[in-house]
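Since the structure comes first, as C-alpha coordinates, the remarks are kept for the end.
The values are calculated or read from the model by the stated rules, or taken from the named source; none is laboratory data. The model shown is predicted, which means the values in this text are computed figures rather than measured ones. Positions of Cβ are generated from backbone atoms using ideal geometry, with glycine treated the same way; all protein chains shown enter the neighbour counts.
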Amino acid sequence: MFDNYVFPIVLLTFTGLLCSVMLAVASKFMSVQVDERATKVRECLPGANCGACGFAGCDDYAKKLCEGAPTNLCVPGGDSAAKKIADILGVEFEDVKEKYAIVRCNSDCAESGYLMDYHGQESCAAASMFFAGRGKCSYGCTGYGDCVAVCKYDAIHIVDGVARVDKMKCAGCGLCAKACPKHLIDIINYTNDVYVACMNKDKGVETRKQCKNGCIGCKKCERTCPNGAIAVTDNLAAVDQSKCVSCGLCVAVCPTNAIRTCLDPKQTTPPPAEEKAEEQTA
Amino acid sequence: MLKEYFALVFGAILVNNIVLARFMGICPFLGVSKKMDSAVGMSLAVTFVLVMATAVTWPFYTFILKPHGLEYLQTISFILIIAALVQLVEIVLKKYVPSLHKALGVYLPLITTNCAVLGITLSNISDKYNFVQSLLSALGTGLGFLLAMVLFAGVRSRIESNPDIPEALQGMPITLISASILAMGFMGFSGLVTGLFGV
(Lines give C-alpha, C1' and ligand atoms only; values in the text may rest on other atoms or scores of the structure.)
Protein backbone atom coordinates (compact mmCIF):
# COMPACT_ATOMS: atom_id res chain seq x y z
CA MET A 1 0.00 0.00 0.00
CA PHE A 2 2.61 2.47 1.11
CA ASP A 3 5.10 1.41 -1.54
CA ASN A 4 2.59 1.53 -4.36
CA TYR A 5 0.58 4.63 -3.63
CA VAL A 6 1.96 6.84 -0.90
CA PHE A 7 5.65 6.66 -1.61
CA PRO A 8 5.49 7.94 -5.23
CA ILE A 9 3.40 10.90 -4.12
CA VAL A 10 5.70 11.66 -1.21
CA LEU A 11 8.75 11.26 -3.41
CA LEU A 12 7.54 13.63 -6.13
CA THR A 13 6.28 16.17 -3.63
CA PHE A 14 9.53 16.04 -1.76
CA THR A 15 11.54 16.40 -4.96
CA GLY A 16 9.44 19.37 -6.03
CA LEU A 17 9.76 20.92 -2.60
CA LEU A 18 13.49 20.39 -2.56
CA CYS A 19 13.84 21.98 -6.00
CA SER A 20 11.76 24.98 -5.02
CA VAL A 21 13.63 25.52 -1.76
CA MET A 22 16.90 25.24 -3.65
CA LEU A 23 15.74 27.81 -6.17
CA ALA A 24 14.47 30.14 -3.49
CA VAL A 25 17.71 29.95 -1.55
CA ALA A 26 19.75 30.38 -4.71
CA SER A 27 17.80 33.39 -5.87
CA LYS A 28 18.20 34.94 -2.43
CA PHE A 29 21.89 34.36 -1.94
CA MET A 30 23.09 34.62 -5.48
CA SER A 31 20.97 37.51 -6.65
CA VAL A 32 23.00 39.94 -8.67
CA GLN A 33 23.05 43.45 -7.32
CA VAL A 34 21.18 45.61 -9.73
CA ASP A 35 22.64 49.08 -10.06
CA GLU A 36 20.54 51.25 -7.76
CA ARG A 37 20.85 54.14 -10.12
CA ALA A 38 19.27 52.05 -12.88
CA THR A 39 16.00 51.84 -10.95
CA LYS A 40 16.04 55.58 -10.32
CA VAL A 41 16.92 56.39 -13.90
CA ARG A 42 14.19 54.07 -15.08
CA GLU A 43 11.66 56.11 -13.14
CA CYS A 44 12.63 59.25 -15.05
CA LEU A 45 12.03 57.63 -18.40
CA PRO A 46 8.53 57.82 -19.87
CA GLY A 47 8.09 54.05 -20.03
CA ALA A 48 6.61 54.03 -23.50
CA ASN A 49 9.19 51.43 -24.61
CA CYS A 50 9.17 53.08 -28.02
CA GLY A 51 12.77 52.29 -28.86
CA ALA A 52 13.57 55.76 -30.18
CA CYS A 53 16.79 55.71 -28.13
CA GLY A 54 17.99 52.69 -30.07
CA PHE A 55 17.88 50.32 -27.08
CA ALA A 56 15.39 47.55 -26.39
CA GLY A 57 12.93 49.53 -24.29
CA CYS A 58 13.19 51.83 -21.29
CA ASP A 59 14.59 49.20 -18.90
CA ASP A 60 17.43 48.43 -21.24
CA TYR A 61 18.18 52.10 -21.82
CA ALA A 62 18.26 52.71 -18.05
CA LYS A 63 20.75 49.89 -17.67
CA LYS A 64 22.90 51.19 -20.52
CA LEU A 65 22.72 54.72 -19.13
CA CYS A 66 24.48 53.55 -15.98
CA GLU A 67 27.16 52.05 -18.18
CA GLY A 68 27.73 55.39 -19.86
CA ALA A 69 25.25 55.68 -22.71
CA PRO A 70 24.47 59.26 -23.79
CA THR A 71 21.73 60.84 -21.67
CA ASN A 72 20.08 62.73 -24.50
CA LEU A 73 18.67 59.84 -26.50
CA CYS A 74 15.18 59.71 -25.04
CA VAL A 75 13.10 61.74 -27.47
CA PRO A 76 9.71 61.32 -25.76
CA GLY A 77 11.19 62.23 -22.36
CA GLY A 78 12.81 65.30 -23.81
CA ASP A 79 14.95 67.79 -21.92
CA SER A 80 13.22 67.24 -18.58
CA ALA A 81 14.01 63.54 -18.51
CA ALA A 82 17.54 64.12 -19.72
CA LYS A 83 18.09 66.68 -16.95
CA LYS A 84 16.87 64.31 -14.23
CA ILE A 85 18.98 61.48 -15.58
CA ALA A 86 22.04 63.69 -15.75
CA ASP A 87 21.44 64.68 -12.10
CA ILE A 88 21.22 61.08 -10.95
CA LEU A 89 24.23 59.93 -12.86
CA GLY A 90 26.22 63.07 -12.07
CA VAL A 91 27.10 63.82 -15.67
CA GLU A 92 26.71 67.00 -17.63
CA PHE A 93 23.27 67.68 -19.08
CA GLU A 94 23.00 67.52 -22.83
CA ASP A 95 20.23 69.03 -24.85
CA VAL A 96 17.79 66.59 -26.40
CA LYS A 97 17.03 67.29 -30.02
CA GLU A 98 13.28 67.16 -29.89
CA LYS A 99 11.57 65.71 -32.89
CA TYR A 100 8.14 65.08 -34.26
CA ALA A 101 6.56 63.11 -37.03
CA ILE A 102 5.22 64.43 -40.32
CA VAL A 103 3.12 62.59 -42.85
CA ARG A 104 4.26 63.09 -46.39
CA CYS A 105 0.92 62.82 -48.07
CA ASN A 106 -1.48 65.61 -48.94
CA SER A 107 -4.12 63.36 -50.32
CA ASP A 108 -7.52 64.53 -51.46
CA CYS A 109 -8.66 60.96 -52.04
CA ALA A 110 -11.94 61.70 -50.35
CA GLU A 111 -12.58 64.32 -53.06
CA SER A 112 -11.03 62.87 -56.17
CA GLY A 113 -12.35 59.39 -55.50
CA TYR A 114 -10.72 56.03 -55.16
CA LEU A 115 -9.42 53.62 -57.75
CA MET A 116 -11.36 50.72 -56.29
CA ASP A 117 -13.86 49.71 -53.69
CA TYR A 118 -11.57 48.01 -51.17
CA HIS A 119 -13.36 45.50 -49.00
CA GLY A 120 -10.35 43.68 -47.59
CA GLN A 121 -8.88 43.80 -44.16
CA GLU A 122 -8.87 47.33 -42.86
CA SER A 123 -5.18 47.85 -42.29
CA CYS A 124 -2.65 49.83 -44.29
CA ALA A 125 -0.26 46.90 -44.47
CA ALA A 126 -2.93 44.67 -46.01
CA ALA A 127 -4.38 47.36 -48.27
CA SER A 128 -1.03 48.46 -49.66
CA MET A 129 -0.18 44.88 -50.60
CA PHE A 130 -3.23 44.80 -52.83
CA PHE A 131 -2.31 46.89 -55.91
CA ALA A 132 -0.60 49.51 -53.71
CA GLY A 133 -3.79 50.58 -51.98
CA ARG A 134 -7.16 51.86 -53.04
CA GLY A 135 -6.10 55.43 -53.83
CA LYS A 136 -5.31 56.66 -57.32
CA CYS A 137 -1.81 57.58 -56.19
CA SER A 138 0.28 54.54 -55.41
CA TYR A 139 2.59 56.56 -53.15
CA GLY A 140 -0.08 58.00 -50.89
CA CYS A 141 -1.59 57.32 -47.51
CA THR A 142 -4.05 54.41 -47.50
CA GLY A 143 -5.80 55.91 -44.50
CA TYR A 144 -6.52 52.80 -42.47
CA GLY A 145 -4.53 54.05 -39.54
CA ASP A 146 -1.78 51.53 -38.85
CA CYS A 147 0.10 54.53 -37.49
CA VAL A 148 -2.82 55.53 -35.27
CA ALA A 149 -2.85 52.04 -33.79
CA VAL A 150 0.78 52.11 -32.73
CA CYS A 151 0.86 55.69 -31.41
CA LYS A 152 1.18 55.75 -27.64
CA TYR A 153 0.58 59.48 -27.33
CA ASP A 154 -2.70 59.86 -29.24
CA ALA A 155 -0.82 62.21 -31.55
CA ILE A 156 -1.70 60.88 -34.98
CA HIS A 157 -5.17 60.61 -36.45
CA ILE A 158 -6.84 60.02 -39.79
CA VAL A 159 -8.28 63.31 -40.98
CA ASP A 160 -10.18 63.28 -44.28
CA GLY A 161 -8.69 59.94 -45.25
CA VAL A 162 -5.07 60.82 -44.54
CA ALA A 163 -2.96 60.59 -41.41
CA ARG A 164 -2.17 63.89 -39.68
CA VAL A 165 0.13 64.47 -36.73
CA ASP A 166 -0.62 66.69 -33.78
CA LYS A 167 2.74 68.33 -33.31
CA MET A 168 2.02 69.25 -29.70
CA LYS A 169 1.24 65.71 -28.66
CA CYS A 170 3.84 63.97 -30.81
CA ALA A 171 6.85 62.74 -28.87
CA GLY A 172 8.89 61.90 -31.94
CA CYS A 173 9.39 58.27 -31.01
CA GLY A 174 9.07 57.11 -34.61
CA LEU A 175 6.80 54.11 -34.00
CA CYS A 176 4.38 55.36 -36.66
CA ALA A 177 7.20 55.74 -39.16
CA LYS A 178 8.05 52.07 -38.65
CA ALA A 179 4.40 51.06 -38.96
CA CYS A 180 3.67 52.90 -42.22
CA PRO A 181 3.94 50.43 -45.11
CA LYS A 182 4.35 53.31 -47.57
CA HIS A 183 7.16 54.89 -45.58
CA LEU A 184 5.33 58.20 -45.65
CA ILE A 185 6.20 59.29 -42.14
CA ASP A 186 9.39 61.17 -41.43
CA ILE A 187 10.75 62.21 -38.06
CA ILE A 188 12.05 65.79 -38.27
CA ASN A 189 13.49 68.33 -35.86
CA TYR A 190 11.01 70.14 -33.69
CA THR A 191 12.29 73.52 -34.90
CA ASN A 192 11.43 72.76 -38.51
CA ASP A 193 7.91 73.59 -39.57
CA VAL A 194 7.91 73.29 -43.34
CA TYR A 195 7.75 69.97 -45.12
CA VAL A 196 6.73 68.60 -48.49
CA ALA A 197 3.57 66.61 -47.96
CA CYS A 198 3.97 64.37 -50.99
CA MET A 199 5.98 61.35 -51.98
CA ASN A 200 4.84 61.08 -55.59
CA LYS A 201 7.80 60.73 -57.92
CA ASP A 202 5.76 60.52 -61.12
CA LYS A 203 5.97 63.30 -63.70
CA GLY A 204 3.85 66.37 -63.04
CA VAL A 205 1.15 65.42 -65.51
CA GLU A 206 0.75 61.98 -64.04
CA THR A 207 0.69 63.32 -60.51
CA ARG A 208 -1.94 65.83 -61.51
CA LYS A 209 -4.19 63.08 -62.84
CA GLN A 210 -3.93 61.17 -59.57
CA CYS A 211 -4.17 63.93 -57.01
CA LYS A 212 -4.62 67.67 -57.25
CA ASN A 213 -2.59 68.30 -54.10
CA GLY A 214 0.51 66.41 -55.12
CA CYS A 215 3.97 67.78 -55.87
CA ILE A 216 4.33 68.19 -59.62
CA GLY A 217 8.02 69.08 -59.56
CA CYS A 218 7.54 72.61 -60.98
CA LYS A 219 10.56 73.95 -59.08
CA LYS A 220 8.83 77.17 -58.06
CA CYS A 221 9.78 76.52 -54.45
CA GLU A 222 13.37 75.84 -55.44
CA ARG A 223 13.58 79.27 -57.10
CA THR A 224 11.78 81.04 -54.26
CA CYS A 225 13.73 79.72 -51.32
CA PRO A 226 16.25 82.33 -50.15
CA ASN A 227 18.40 79.74 -48.37
CA GLY A 228 18.54 77.08 -51.06
CA ALA A 229 16.92 74.69 -48.62
CA ILE A 230 14.49 73.10 -51.02
CA ALA A 231 15.40 71.07 -54.07
CA VAL A 232 13.48 69.03 -56.62
CA THR A 233 14.80 65.60 -57.48
CA ASP A 234 12.86 62.94 -59.37
CA ASN A 235 9.86 65.26 -59.80
CA LEU A 236 9.57 65.66 -56.07
CA ALA A 237 10.56 68.58 -53.85
CA ALA A 238 12.44 67.88 -50.64
CA VAL A 239 13.29 70.24 -47.80
CA ASP A 240 16.81 70.23 -46.41
CA GLN A 241 16.01 70.40 -42.69
CA SER A 242 19.43 71.78 -41.79
CA LYS A 243 19.06 74.83 -44.05
CA CYS A 244 15.35 75.56 -43.73
CA VAL A 245 14.40 78.47 -41.47
CA SER A 246 10.66 77.85 -41.78
CA CYS A 247 9.99 81.24 -43.42
CA GLY A 248 7.07 79.77 -45.34
CA LEU A 249 7.79 81.45 -48.71
CA CYS A 250 7.69 78.15 -50.51
CA VAL A 251 4.38 77.31 -48.91
CA ALA A 252 2.86 80.48 -50.35
CA VAL A 253 4.21 79.91 -53.83
CA CYS A 254 3.39 76.22 -54.24
CA PRO A 255 0.66 75.93 -56.90
CA THR A 256 -0.71 72.64 -55.59
CA ASN A 257 -0.33 73.34 -51.88
CA ALA A 258 1.87 70.29 -51.61
CA ILE A 259 4.21 72.08 -49.23
CA ARG A 260 2.73 72.30 -45.77
CA THR A 261 3.71 74.15 -42.68
CA CYS A 262 2.79 73.65 -39.08
CA LEU A 263 2.83 77.43 -38.53
CA ASP A 264 -0.43 78.10 -40.36
CA PRO A 265 -3.29 77.27 -38.01
CA LYS A 266 -5.48 76.42 -41.01
CA GLN A 267 -3.21 73.58 -41.98
CA THR A 268 -2.48 72.13 -38.58
CA THR A 269 -4.84 70.00 -36.61
CA PRO A 270 -6.08 71.03 -34.13
CA PRO A 271 -6.30 74.85 -34.29
CA PRO A 272 -5.39 75.76 -30.66
CA ALA A 273 -1.97 74.22 -31.22
CA GLU A 274 -0.48 77.71 -31.66
CA GLU A 275 -1.14 78.83 -28.10
CA LYS A 276 0.36 75.69 -26.67
CA ALA A 277 3.42 76.20 -28.79
CA GLU A 278 4.00 79.62 -27.31
CA GLU A 279 3.53 78.30 -23.81
CA GLN A 280 6.11 75.67 -24.41
CA THR A 281 8.66 77.96 -25.93
CA ALA A 282 8.15 80.61 -23.24
CA MET B 1 36.70 0.61 -23.95
CA LEU B 2 37.92 3.94 -25.23
CA LYS B 3 36.91 2.85 -28.69
CA GLU B 4 33.42 2.22 -27.45
CA TYR B 5 33.19 5.71 -26.04
CA PHE B 6 34.38 7.25 -29.30
CA ALA B 7 31.83 5.18 -31.15
CA LEU B 8 29.15 6.44 -28.80
CA VAL B 9 30.01 10.11 -29.28
CA PHE B 10 30.40 9.86 -33.05
CA GLY B 11 27.25 7.84 -33.27
CA ALA B 12 25.35 10.52 -31.37
CA ILE B 13 26.78 13.28 -33.57
CA LEU B 14 26.40 11.76 -37.03
CA VAL B 15 24.41 8.54 -37.16
CA ASN B 16 21.78 9.26 -34.55
CA ASN B 17 21.80 13.01 -35.00
CA ILE B 18 19.19 14.35 -32.64
CA VAL B 19 17.54 16.65 -35.17
CA LEU B 20 18.15 15.06 -38.51
CA ALA B 21 17.84 11.38 -37.63
CA ARG B 22 15.73 11.30 -34.48
CA PHE B 23 13.62 14.39 -35.21
CA MET B 24 13.77 15.82 -31.73
CA GLY B 25 14.41 19.48 -31.01
CA ILE B 26 12.91 20.56 -34.32
CA CYS B 27 11.45 23.70 -32.76
CA PRO B 28 14.76 25.43 -31.99
CA PHE B 29 16.20 23.93 -35.16
CA LEU B 30 13.68 25.86 -37.25
CA GLY B 31 13.20 28.78 -34.92
CA VAL B 32 16.72 29.87 -34.06
CA SER B 33 18.62 28.90 -37.20
CA LYS B 34 18.08 32.17 -39.02
CA LYS B 35 21.34 33.68 -37.86
CA MET B 36 24.63 31.90 -37.42
CA ASP B 37 25.60 33.41 -34.07
CA SER B 38 22.26 32.79 -32.40
CA ALA B 39 22.30 29.24 -33.80
CA VAL B 40 25.68 28.64 -32.18
CA GLY B 41 24.54 30.21 -28.90
CA MET B 42 21.43 28.08 -28.80
CA SER B 43 23.31 24.87 -29.57
CA LEU B 44 25.92 25.56 -26.91
CA ALA B 45 23.15 26.16 -24.39
CA VAL B 46 21.47 22.90 -25.42
CA THR B 47 24.74 20.98 -25.10
CA PHE B 48 25.37 22.46 -21.69
CA VAL B 49 21.89 21.72 -20.38
CA LEU B 50 21.91 18.22 -21.88
CA VAL B 51 25.05 17.24 -20.02
CA MET B 52 23.90 18.87 -16.79
CA ALA B 53 20.47 17.26 -17.01
CA THR B 54 21.92 13.84 -17.68
CA ALA B 55 24.30 14.21 -14.76
CA VAL B 56 21.35 14.77 -12.46
CA THR B 57 18.63 12.57 -13.91
CA TRP B 58 20.70 9.43 -14.35
CA PRO B 59 21.56 9.10 -10.62
CA PHE B 60 18.02 10.07 -9.71
CA TYR B 61 16.64 7.26 -11.83
CA THR B 62 19.21 4.66 -10.88
CA PHE B 63 19.39 5.28 -7.16
CA ILE B 64 15.92 6.52 -6.29
CA LEU B 65 13.32 5.50 -8.85
CA LYS B 66 14.60 2.08 -9.89
CA PRO B 67 15.13 0.50 -6.43
CA HIS B 68 11.56 1.38 -5.54
CA GLY B 69 10.11 0.13 -8.81
CA LEU B 70 8.90 3.58 -9.81
CA GLU B 71 10.21 3.57 -13.38
CA TYR B 72 6.88 4.89 -14.60
CA LEU B 73 7.56 8.18 -12.82
CA GLN B 74 10.61 8.94 -14.94
CA THR B 75 9.00 11.33 -17.41
CA ILE B 76 7.25 13.57 -14.93
CA SER B 77 10.10 13.59 -12.44
CA PHE B 78 12.63 14.34 -15.18
CA ILE B 79 10.58 17.31 -16.35
CA LEU B 80 10.49 18.61 -12.81
CA ILE B 81 14.19 18.12 -12.25
CA ILE B 82 15.29 19.55 -15.59
CA ALA B 83 13.12 22.65 -15.22
CA ALA B 84 14.43 23.35 -11.73
CA LEU B 85 17.98 22.60 -12.79
CA VAL B 86 17.92 25.01 -15.71
CA GLN B 87 16.60 27.78 -13.48
CA LEU B 88 19.28 27.06 -10.91
CA VAL B 89 21.99 26.98 -13.52
CA GLU B 90 20.79 30.31 -14.82
CA ILE B 91 20.96 31.90 -11.38
CA VAL B 92 24.41 30.48 -10.71
CA LEU B 93 25.75 31.54 -14.09
CA LYS B 94 24.35 35.04 -13.66
CA LYS B 95 26.23 35.38 -10.40
CA TYR B 96 29.54 33.69 -11.11
CA VAL B 97 30.03 33.54 -14.87
CA PRO B 98 28.31 36.66 -16.25
CA SER B 99 30.01 36.36 -19.62
CA LEU B 100 28.69 32.84 -20.18
CA HIS B 101 25.30 33.92 -18.89
CA LYS B 102 25.28 36.73 -21.40
CA ALA B 103 26.14 34.37 -24.25
CA LEU B 104 23.59 31.71 -23.31
CA GLY B 105 21.19 33.95 -21.42
CA VAL B 106 18.34 34.23 -23.87
CA TYR B 107 18.41 30.59 -24.81
CA LEU B 108 18.70 28.97 -21.40
CA PRO B 109 15.06 29.49 -20.32
CA LEU B 110 13.92 28.51 -23.81
CA ILE B 111 15.27 24.98 -23.46
CA THR B 112 13.90 24.32 -19.98
CA THR B 113 11.49 21.81 -21.40
CA ASN B 114 13.04 21.24 -24.80
CA CYS B 115 12.05 17.79 -26.01
CA ALA B 116 15.63 17.07 -27.05
CA VAL B 117 16.79 17.39 -23.45
CA LEU B 118 13.98 15.25 -22.07
CA GLY B 119 14.30 12.78 -24.95
CA ILE B 120 18.00 12.17 -24.44
CA THR B 121 17.76 11.77 -20.70
CA LEU B 122 14.98 9.24 -21.19
CA SER B 123 16.69 7.37 -24.01
CA ASN B 124 19.90 7.14 -21.97
CA ILE B 125 17.86 5.18 -19.47
CA SER B 126 16.12 3.00 -22.03
CA ASP B 127 19.43 2.27 -23.78
CA LYS B 128 20.75 1.03 -20.41
CA TYR B 129 23.83 3.24 -20.56
CA ASN B 130 26.00 3.57 -17.49
CA PHE B 131 26.77 6.98 -16.04
CA VAL B 132 29.81 7.79 -18.20
CA GLN B 133 28.11 6.51 -21.33
CA SER B 134 25.08 8.66 -20.56
CA LEU B 135 27.20 11.75 -20.17
CA LEU B 136 29.07 11.03 -23.41
CA SER B 137 25.86 10.37 -25.27
CA ALA B 138 24.47 13.68 -24.00
CA LEU B 139 27.63 15.50 -25.04
CA GLY B 140 27.60 13.86 -28.47
CA THR B 141 23.95 14.69 -28.94
CA GLY B 142 24.62 18.33 -28.06
CA LEU B 143 27.50 18.47 -30.52
CA GLY B 144 25.29 16.84 -33.15
CA PHE B 145 22.70 19.52 -32.50
CA LEU B 146 25.41 22.16 -32.91
CA LEU B 147 26.48 20.60 -36.20
CA ALA B 148 22.94 20.47 -37.53
CA MET B 149 22.24 24.03 -36.43
CA VAL B 150 25.42 25.45 -37.97
CA LEU B 151 24.90 23.57 -41.23
CA PHE B 152 21.33 24.63 -41.46
CA ALA B 153 21.99 28.25 -40.53
CA GLY B 154 24.42 28.37 -43.44
CA VAL B 155 21.93 26.76 -45.81
CA ARG B 156 19.18 29.04 -44.63
CA SER B 157 21.11 32.27 -45.04
CA ARG B 158 21.56 31.33 -48.69
CA ILE B 159 17.97 30.28 -49.20
CA GLU B 160 16.41 33.37 -47.67
CA SER B 161 18.30 35.75 -49.93
CA ASN B 162 17.68 33.71 -53.07
CA PRO B 163 15.19 35.40 -55.41
CA ASP B 164 14.86 32.37 -57.68
CA ILE B 165 12.67 30.46 -55.24
CA PRO B 166 9.06 30.31 -56.44
CA GLU B 167 6.78 32.56 -54.49
CA ALA B 168 4.65 29.74 -53.15
CA LEU B 169 7.70 28.07 -51.62
CA GLN B 170 9.32 31.12 -50.05
CA GLY B 171 9.82 31.16 -46.30
CA MET B 172 8.86 28.13 -44.24
CA PRO B 173 8.08 25.69 -47.11
CA ILE B 174 11.53 25.90 -48.67
CA THR B 175 13.07 25.77 -45.19
CA LEU B 176 11.29 22.51 -44.45
CA ILE B 177 12.21 21.07 -47.85
CA SER B 178 15.87 21.87 -47.38
CA ALA B 179 15.75 20.46 -43.84
CA SER B 180 14.43 17.19 -45.26
CA ILE B 181 17.19 17.10 -47.88
CA LEU B 182 19.74 17.69 -45.14
CA ALA B 183 18.18 14.86 -43.12
CA MET B 184 18.43 12.56 -46.13
CA GLY B 185 22.07 13.51 -46.43
CA PHE B 186 22.64 12.39 -42.86
CA MET B 187 21.23 8.97 -43.75
CA GLY B 188 24.50 8.45 -45.59
CA PHE B 189 26.28 8.26 -42.25
CA SER B 190 24.45 5.13 -41.15
CA GLY B 191 26.93 2.33 -40.80
CA LEU B 192 29.81 4.77 -40.47
CA VAL B 193 30.44 4.05 -36.81
CA THR B 194 30.33 0.29 -37.26
CA GLY B 195 32.71 0.59 -40.17
CA LEU B 196 35.15 2.89 -38.38
CA PHE B 197 35.21 1.44 -34.91
CA GLY B 198 33.89 -2.04 -35.51
CA VAL B 199 31.59 -1.82 -32.52
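Here is how the numbers come out for the structure above:
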{"quantity": "Residue in segment A:69-83 that is within 28 Å of B:Y96 (Cα to Cα) and modelled with pLDDT under 85 present", "calculated": "yes"}
{"quantity": "Residue among A:A171, A:A163 that is touching a His at 6+ places or on another chain (Cβ under 8 Å) and crowded, with 22+ Cβ neighbours inside 10 Å", "calculated": "A:A163"}
{"quantity": "Single match in A:D95, A:D108 (criterion: of a type in the set (D, E, K, R), surrounded by fewer than 14 Cβ atoms within 10 Å (Cβ to Cβ) and more than 16 Å from A:G47 (Cα to Cα))", "calculated": "A:D95"}
{"quantity": "In segment B:154-189, residue nearest to the chain's Cα centre (by Cα) [restricted to those that are in a loop (DSSP other than H, G, I, E, B) and surrounded by 14 or more Cβ atoms within 10 Å (Cβ to Cβ)]", "calculated": "B:F189"}
{"quantity": "Total residues in segment A:156-180, condition over 13 Å from the mean Cα position of the chain (by Cα) and over 16 Å from A:S107 (Cα atoms)", "calculated": "1"}
{"quantity": "Top-ranked residue in segment B:44-60 [being closer than 21 Å to A:I9 by Cα and either within 12 Å of another protein chain (Cβ to nearest Cβ) or at pLDDT below 90 (or both); ranked as farthest from the chain's Cα centre (by Cα)]", "calculated": "B:F60"}
{"quantity": "Segment A:1-43, subset closer than 28 Å to A:C66 by Cβ and not in a helix (DSSP H, G or I), residue farthest from the other protein chains (Cβ to nearest Cβ)", "calculated": "A:D35"}
{"quantity": "Qualifying residue in segment A:55-65 (condition: more than 14 Å from chain B (Cβ to nearest Cβ), under 17 Å from the mean Cα position of the chain (by Cα) and part of a helix (DSSP H, G or I))", "calculated": "yes"}
{"quantity": "Odd one out for B:G31, checked against (1) over 16 Å from the mean Cα position of the chain (by Cα); (2) away from chain A (no Cβ under 12 Å); (3) farther than 26 Å from A:F14 by Cα; (4) without any contact (Cβ under 8 Å) to a residue 40 or more places away in the chain", "calculated": "(1)"}
{"quantity": "Per-region count, segment A:65-82, residues of a type in the set (D, E, K, R) and more than 27 Å from A:V165 (Cα to Cα)", "calculated": "1"}
{"quantity": "B:L100 being in a helix (DSSP H, G or I), closer than 24 Å to B:F29 by Cα and either more than 8 Å from every other protein chain (Cβ to nearest Cβ) or hydroxyl-bearing (S, T, Y) (or both)", "calculated": "yes"}
{"quantity": "Extreme residue, farthest from the other protein chains (Cβ to nearest Cβ), among residues of segment B:69-97 that are surrounded by 18 or more Cβ atoms within 10 Å (Cβ to Cβ), closer than 15 Å to B:P59 by Cα and among the β-branched types (V, I, T)", "calculated": "B:I82"}
{"quantity": "Matching entry among B:G41, B:G105 (being more than 30 Å from A:P8 (Cβ to Cβ), within 14 Å of chain A (Cβ to nearest Cβ), within 20 Å of the chain's Cα centre (by Cα) and at pLDDT below 85)", "calculated": "B:G105"}
{"quantity": "Scan of segment A:47-68 for residues that are touching a residue at least 12 places away in the same chain (Cβ under 8 Å) and touching a Cys at 6+ places or on another chain (Cβ under 7 Å), ordered by number", "calculated": "A:A48, A:C50, A:A52, A:C53, A:Y61"}
{"quantity": "Scope segment A:113-133; condition part of a loop (DSSP other than H, G, I, E, B) and buried (at least 22 other Cβ atoms within 10 Å of the Cβ); matching residues", "calculated": "A:G133"}
{"quantity": "Filter pass, B:I111 being under 12 Å from the mean Cα position of the chain (by Cα) and either away from chain A (no Cβ under 14 Å) or aromatic (F, W, Y) (or both)", "calculated": "yes"}
